[in-house]
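Structure first, then comments.
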Amino acid sequence: MTLYSTTPMLNKAKKEGYGIVAFNVHSFDSIFWVLEGAARLDSPVILQTTMGTVKSLGAKNIVEVATAASNYYEVPVGLHLDHCTDYELIKQCVRAGYTSVMIDASMHPFEENIARTKEVVDLAKSLGVNIEAELGKVGGVEDDIVVDEKDAQKAMPEECVTFVEQTGVPTLAPAIGTAHGIYKGDPDIDFKRIQQIAELVDVPLVLHGGSAVSDKDVRHCVSLGMAKVNVSTELKNAYSQAIADHFKENPDHLDPRQYLQKAKDAAIEMVISKIKMVGSEGKLVKTFV
């Protein structure tokens, strides 16, 4: 196995009407947990890291561990840099072997977003690396990026057309009412807007803020053209809570093999549930071209 560009993975998912979950990983252990869950269901999967995780673990180290895990579980996987605002870090990850990067210039005016995105497209697309960009502003907190609910803006369908045409970006994350993190109330997902955008642009769409959105709503998003579904907070919370519960119940049991096994079990359970949610079970193929 190897690391694959997420472009053909997502194009296939979009064409066949299922989604692929992109799980944010924050440690080397969690890379193996995600791929074990995917292997159990014969599902394609995407690993993704934030800027903070790259700075903590190192881009080259992440690539090497992800490759090793892919070989071990025989699961082809995409490795994605999520919500990056730093062009130099994008270059670093591309050089290290990341197969997908997100340039997030959504906080800038529309024309500047186009210019910054096109710069990354020109850098990475010729290398077969997928590029993802965002239009509108997804609320919540993602690493160091904070967008207040009052500042969140939904993407305009007509602007999505112009954006894709002028940048050549192969994957688009339009803001459609979801938010990063766990919701305080019910998410206000604009399904009509998703359908309008999907009918106007011929690239896979990405659902950001997928944690705690109901399975029914996620499936509806996938049916409308959302081929990539991001999950971060729910996965992180699941294995962190398992460790917290271990020490609450067994404060003197300090063997990492004990509490990490509980974290692994919780993570795999979450991974399996999300894969089943998007319908990618049994969709694994050994190569993507």
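Every number here is computed from the coordinates shown, using simple stated rules; none is lab data. Keep in mind that what you see is a predicted model, and the values were worked out from it rather than measured. Here the Cβ positions follow ideal geometry from the backbone for every residue, glycine too, while neighbour counts run over all protein chains shown.
When restricted to Cα atoms, the stretch 196-244 yields an Rg and a Dmax of 13.6, 46 Å, respectively. How would the stretch 1-118 be classified by its alpha-carbon gyration tensor: rounded, prolate or oblate, with rounded meaning a/c under 1.5 and the a/b versus b/c comparison settling the rest? Verdict is oblate for the stretch 1-118. Quick one: grab the alpha carbon gyration tensor of the stretch 209-289, order the square roots of its eigenvalues as a ≥ b ≥ c, and give me rounded if a/c is under 1.5, else prolate or oblate depending on whether a/b is larger than b/c. Since a/c reaches 1.5 and a/b is larger than b/c, the shape of the stretch 209-289 is classed as prolate. Inter-label distance, T2 to T162: 4.0 nm, where each label sits 7 Å from its Cα along the C-beta direction. For the pair L200 and E88, a Förster radius of 30 Å applied to the C-beta separation gives a FRET efficiency near 0.35, rounded to the nearest 0.05.
Over the residues of the chain, the helix contribution to mean residue ellipticity at 222 nm works out to -15500 deg cm²/dmol, using -39500 (n - 2.57) for each DSSP H run of at least 4.
Database remark: amide H of L135 closer than 5 angstrom to the amide H of A173, A175 (H placed geometrically; neighbours at sequence offset of 5 or more, or on other chains; Pro and chain starts carry no H). A cut-off of 5 Å between modelled amide H atoms, ignoring neighbours fewer than 5 places along the same chain, links I20 with K228, V229.
In this Cβ point-charge picture (+1 for Lys and Arg, -1 for Asp and Glu), the chain has a dipole of about 720 debye about its Cα centre.
Look at the dipole of the stretch 13-93 built from charges on Cβ: of A68, L89, V54, the Cα furthest out on the positive end belongs to L89.
Counted over the chain, the DSSP beta bridges are approximately 10% antiparallel. Think of the stretch 167-289 as a dipole: +1 on every Lys or Arg Cβ, -1 on every Asp or Glu Cβ, centred on the Cα centre; then among V231, G168, T178, G168 lies furthest on the positive end. Ignoring lysines fewer than eight residues from K283 along the same chain, the ones with Cα atoms less than 30 angstrom from its Cα are K12, K14, K15, K60, K125, K192, K216, K228, K236, K262, K264, K274. Straight-line reach from K118: which lysines have a Cα under 16 Å away, not including same-chain ones fewer than 8 places off? In chain and number order, the partners are K91. What is the sum of charges around M9, taking Lys and Arg as +1, Asp and Glu as -1, for the other residues whose C-beta is under 13 Å from the C-beta of M9? So the environment of M9 carries a net charge of +4.
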